[in-house]
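Below: one structure, written as structure tokens.
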Amino acid sequence: MATLTHGAPEIAASEVNYLNVEHGWKSWLFTTDHKRIAVLYIVSITLMFFVGGFMAVLFRINLLEPEGIFAAETYNRLFSMHGIIMVFFFLVPSIPATLANFLIPIMVGAKDLAFPRINLLSWYLYVIGAFLTMYAVIRGGVDTGWTFYTPYSSTYSNSYVLAAAFGVFVAGFSSILTGLNFIVTVHKMRAPGMSWSRLPLFVWSNYATGLIQVLGTPVLAITLLLLAFERIAHVGIFDPNIGGDPILFQHLFWFYSHPAVYIMILPGMGVISEIVSCFSRKRVFGYNFVAFSSMAIAVLSFVVWGHHLFVTGQSVYTAIAFSFLSMVVAVPSAIKVFNWTATMYKGSVSFDTPMLYAFGFIGLFTIGGLTGLHLASLSTDVAMHGTYFVVAHFHYVMVGGMVMAFMGGLHFWWPKITGRMYPEAWSKFAALIVFIGFNLTFFPQFILGYLGMPRRYHAYPPEFQALNVLSTAGASILGIGYVIPMIYLIWSLKNGPKAGPNPWGAAGLEWQIPSPPTTFNFDETPIVTEEAYNYGPLEEVIG
Amino acid sequence: MLASLLPIVAAASLIADQASEQAGPVDALFWFITGVSAIMTVVIFASICFFAYKYRRRTAVHATQIEGSNKLELTWSILPFLVMLVMFGWGADLFYKAQNPPTNAMEVFVTGKQWMWKVQYPDGSREIDALHVPVGTPVKLTMASEDVIHSFSVPAFRIRHDVIPGHYDSVWFTPNKPGKYHLFCTEYCGNQHAGMTGWVYVMEPREYANWASGGGGQGTLAEQGQALFQQFGCATCHLLDQQGRCPILRGIYNKPVQLDDGRTVIADDAYLRESILDPNAKIVAGFQPDVMPHFKGQVTEENVIQLIAYIKSLSPSTPASQQGGGQPTPPTPSRAARAASQANAAKPGQAVPR
């Protein structure tokens, strides 16, 4: 594709775009431009990603020795903060607040999101939440795990539970506002001719995500408030010693947090639909099924939370019902994988970096999804619950899936966001390193879990050492795989070759406007006359 | 560096131990799901690689636009779903059958506490972070927590159950292979969570009988409970043979109790535990509230287990005989006697490390 890039028409240096229209820190901190807010989010979540990732590197080092290297206290705080930061401050906002924030208005043919100021507010809430949580980290951290299970978190833990929980509480509102903005924008701001059946699948998946954010996140907020009441005022809600029920917390927590895992994967699925279609030069196979599978996932995600409670002694019939529903939610995910694969059939497939990440996503998400079946089925969950099998499973989905999709999407839309291309060879090399490092880190954890190694152990029986060393070795490779793009992407901001409006020859409204776009995206409201992914022969598009 | 690791990986055992009756069936399902998953993964990987190669971008060859196919969509929705239904049904069936222990199960009491497992046997002996059981006998654990949520897990048995403060949880297994197996806490419980481990020793019946006869010295669990019953002054109101200010406890175990609000409850372990710790929660018909002091915070979960064992010993028959299954057994069976009867049927045991 590099040749295409160089062949793209040069943009006149005088041309004004959203990046150079205003200068100075005020123009960023008081902006209501969805694209600038997306850039603010990219910077913020990248920082948090590297903080959370650094903690992962530290506790993987601890696990090199069976008896551990750090104190138990240190290890417990590291894995807890890793989880809290990665889930609430990276994965949940990762694609919605960055790529979707940037792209949804453009993809539907609008000048901005429906509520530009609320969009800025959501970023401020995110930053306040992040500061509160980082305050907890600096004061000494929190040691409850990201799940904040009671009564440990409400009564027994001596760490900074309240600060961390309050940070998550505040960041939750940021997530609600983003979701709300997307829902209203998709409903009300579509350009003439942009019917629901012409929406790019990326918009569909973020719309579905928005529904979960708006409906689920308030429950998390309530749960954390109740936790705070109990911790501060000793109101008996979860602690049985003062009349509470610890399992109530788990029901409330997972009522949000299971749907939240779909917040953490649906937007990634949307990215993959865009990439696979573009680099196969084909309309996505079974558009309707892929779109509706997103909605099906959003709805079903609210009725599977009980599979986190299979070993708590919930009623056997409840457990059976949740097991069944957990199997059902696997169907729409499977539909997507099959359709992406079928999209390549009789396509014209190229191996640009975004496509490499898409291949990685499909492969790793497939493994992550299928191992979910072990945990949806009752008696195998009893055997695997609380072990590294679960850790490996959700990292295959969250990291192998969502982070791969984020990286793929970032590379795919980088020329649109920055107006520059990244170095092709380096980016392909990094994608390969990430794929190898990822599998080396997390595949051994499936075996560890199957052998019975519990998660959240700072020390472990010596027979598990070999696999742990392998996993730590993989983590160091994975870490390098994430640092390389960080370096070349920053380098490309000044030194990358200029990208034309449409370096990939892609369909979609975002590729019909300049790179980077102007502040209001379109000079005139576009009129949409064709379906999404209307790919013709490559030469016609590039010209 | 990686190459040097391979022999270590090869040397480490990569097949999980199976040491209970439950382990085999669970593993069969585990490998079924794993096998199906592996096939699906290979099919998808192979299709992607094949399509990526066959339809790689070439000049003068353009993509053929295809809308989709309802037939294909239905096929790859319904077929996987049917296979998943098999996984669901199989897993649910095993889970359902594993709910209730056999009526002849040997009962052991386990208390989780930051950060140890305390084990009490009916004969009154106690251990910490160790559980000894004879091979071939179903074992039912009645579990309580002194503080936070713990989870009792023995990977080699494929069993696991959370131990949640505030009530009793239980889990059961039938060990079928002598040996020494990991016991883990698998619900994060604070600083030394990783230290809340122990061993389960599965012994040949004869070996176990020897081990069991060596313990004790403090009386059976029921006798320990009787001592507490005197010590806390329970006997002042709970008279054994005539009506006092509180209900007679003789013969009530596992019998229905009429409450003053009209409900009837069974006087099982959970009810007795609640009535000791929080006497006003349920008032027996004909009695006054606020007569008995509540013992929450005054007694440990282990004490409660001893007291319940004493109350149980005041009832002539056990739940096993009431339900008509199994043969009647004395209320506080001696582990040694039970194991010895097992040993009669078994061949001489091999030595098991203790």
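The values are calculated or read from the model by the stated rules, or taken from the named source; none is laboratory data. The shown structure was predicted, so the numbers you read here are calculated from the model rather than taken from an experiment. Glycine gets a Cβ as well: all are built from the backbone with ideal geometry, and neighbour counts include every protein chain shown.
Before moving on, here are some points about what is shown:
- The residues listed here are A:SER159, A:SER154; of these, the one that is assigned to a helix (DSSP H, G or I) and either more than 30 Å from A:LEU199 (Cα to Cα) or more than 23 Å from the chain's Cα centre (by Cα) (or both) is A:SER154.
- Filter pass, A:THR147 being part of a loop (DSSP other than H, G, I, E, B) and of a type outside the set (Asp, Glu): yes
- In this structure, A:ASN468 does satisfy being touching a Lys or Arg at 6+ places or on another chain (Cβ under 9 Å), in a helix (DSSP H, G or I) and of a type in the set (S, T, N, Q).
- Residues in region A:387-396 that are under 24 Å from B:ASP162 (Cβ atoms) and buried (at least 24 other Cβ atoms within 10 Å of the Cβ): A:THR387, A:TYR388, A:PHE389, A:ALA392, A:HIS393.
- Residue match in region B:193-212 (condition: at negative phi, touching a Cys at 6+ places or on another chain (Cβ under 6 Å) and not assigned by TED's automatic domain parsing to the domain that holds B:VAL154): no
- A:ALA459 satisfies every condition listed in (1) under 27 Å from the mean Cα position of the chain (by Cα); (2) modelled with pLDDT of 95 or more except (1).
- Residue within region B:200-223 that is within 14 Å of chain A (Cβ to nearest Cβ) and under 28 Å from A:GLY452 (Cα atoms) present: yes
Yes/no matrix, rows are residues, columns are (1) farther than 30 Å from A:ALA425 by Cβ; (2) within 11 Å of another protein chain (Cβ to nearest Cβ); (3) at pLDDT 95 or above; (4) over 21 Å from the mean Cα position of the chain (by Cα):
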site	(1), (2), (3), (4)
A:LYS336	yes, yes, yes, no
A:SER348	no, yes, no, yes
A:ALA358	no, yes, yes, no
A:LEU364	no, yes, yes, no
A:ILE367	no, yes, yes, no
A:ASP381	yes, yes, yes, yes
A:THR387	yes, yes, yes, yes
A:VAL390	yes, yes, yes, no
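- Identity of the residue in region A:425-452, more than 24 Å from the chain's Cα centre (by Cα) and more than 8 Å from chain B (Cβ to nearest Cβ), that ends up nearest to B:ILE159 (Cα to Cα): A:GLY449
- Here B:PHE50 does not fit the description of being aromatic (Phe, Trp, Tyr) and either under 30 Å from B:ARG158 (Cβ atoms) or modelled with pLDDT under 90 (or both).
- Among (1) closer than 23 Å to B:VAL108 by Cα; (2) modelled with pLDDT of 90 or more - the single one B:GLN258 does not satisfy: (1)
- Where strands (runs of 3 or more DSSP E) fall entirely within region B:122-182, those with at least 1 residues that are of a type outside the set (Lys, Arg) and within 11 Å of chain A (Cβ to nearest Cβ) are at B:139-145, B:150-154, B:159-163, B:169-173.
- Residue within region B:73-84 that is without any contact (Cβ under 8 Å) to a residue 40 or more places away in the chain and touching a Gly at 6+ places or on another chain (Cβ under 8 Å) present: yes
- Taking region B:189-295 as the region of interest, the strands (runs of 3 or more DSSP E) fully inside it that hold 3 or more residues being among the aliphatic types (A, V, I, L, M) are B:197-203.
- Test: residue in region B:77-97 that is at pLDDT below 95, under 30 Å from B:TRP199 (Cβ atoms) and out of contact with any helix residue (DSSP H, G or I) (no Cβ under 7 Å at 6 or more places or on another chain): yes
- Selection of region A:137-157 for residues being more than 11 Å from every other protein chain (Cβ to nearest Cβ) and either surrounded by 24 or more Cβ atoms within 10 Å (Cβ to Cβ) or over 9 Å from A:MET81 (Cα atoms) (or both) yields A:ILE138, A:ARG139, A:GLY140, A:VAL142.
Every residue, every condition in (1) in contact with a strand residue (DSSP E or B) (Cβ under 8 Å, 6 or more places away or on another chain); (2) closer than 30 Å to B:ASN176 by Cα, yes or no:
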{"site": "B:TYR208", "(1), (2)": "yes, yes"}
{"site": "B:TRP211", "(1), (2)": "yes, yes"}
{"site": "B:ALA235", "(1), (2)": "no, no"}
{"site": "B:ILE248", "(1), (2)": "no, no"}
{"site": "B:LEU259", "(1), (2)": "yes, no"}
{"site": "B:ASP269", "(1), (2)": "yes, yes"}
{"site": "B:MET292", "(1), (2)": "no, no"}
{"site": "B:GLN298", "(1), (2)": "no, no"}
{"site": "B:ASN303", "(1), (2)": "no, no"}
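- Qualifying residue in region A:255-270 (condition: buried (at least 24 other Cβ atoms within 10 Å of the Cβ) and more than 21 Å from A:ALA100 (Cβ to Cβ)): no
- Residues of region A:383-395 that are in a helix (DSSP H, G or I) and out of contact with any His (no Cβ under 8 Å at 6 or more places or on another chain): A:ALA383, A:TYR388, A:VAL390, A:VAL391, A:ALA392, A:PHE394, A:HIS395.
- Of the residues examined, A:GLU530 is not one that is surrounded by fewer than 17 Cβ atoms within 10 Å (Cβ to Cβ), of a type in the set (D, E, K, R) and within 30 Å of A:VAL391 (Cβ to Cβ).
- The condition of being more than 30 Å from B:TYR181 (Cα to Cα) and either modelled with pLDDT of 95 or more or surrounded by fewer than 22 Cβ atoms within 10 Å (Cβ to Cβ) (or both) holds for only one of A:GLY449, A:GLY496, A:GLY474, that being A:GLY496.
- Checklist (1) touching a Leu at 6+ places or on another chain (Cβ under 8 Å); (2) within 13 Å of chain B (Cβ to nearest Cβ); (3) closer than 20 Å to A:GLY268 by Cα applied to A:GLY83, failing item: (1)
- You will find that of A:THR371, A:THR366, A:THR380, the residue that is in contact (Cβ under 8 Å) with a residue 40 or more places away in the chain and either assigned to a helix (DSSP H, G or I) or at positive phi (or both) is A:THR371 and no other.
- Set B:PHE45, B:PHE109, B:PHE95, B:PHE88: member being assigned to a helix (DSSP H, G or I) and either more than 10 Å from chain A (Cβ to nearest Cβ) or surrounded by fewer than 20 Cβ atoms within 10 Å (Cβ to Cβ) (or both): B:PHE45
- Residue satisfying all of: in region B:52-85; touching a strand residue (DSSP E or B) at 6+ places or on another chain (Cβ under 9 Å) and more than 7 Å from chain A (Cβ to nearest Cβ); surrounded by the fewest Cβ atoms within 10 Å (Cβ to Cβ) among these: B:TYR53
- Filtered residues of region B:112-128 (kept if surrounded by fewer than 19 Cβ atoms within 10 Å (Cβ to Cβ) and of a type in the set (D, E, K, R)): B:ARG126, B:GLU127
- Residue within region A:410-417 that is assigned to a helix (DSSP H, G or I), among the aliphatic types (A, V, I, L, M) and touching a Leu at 6+ places or on another chain (Cβ under 6 Å) present: no
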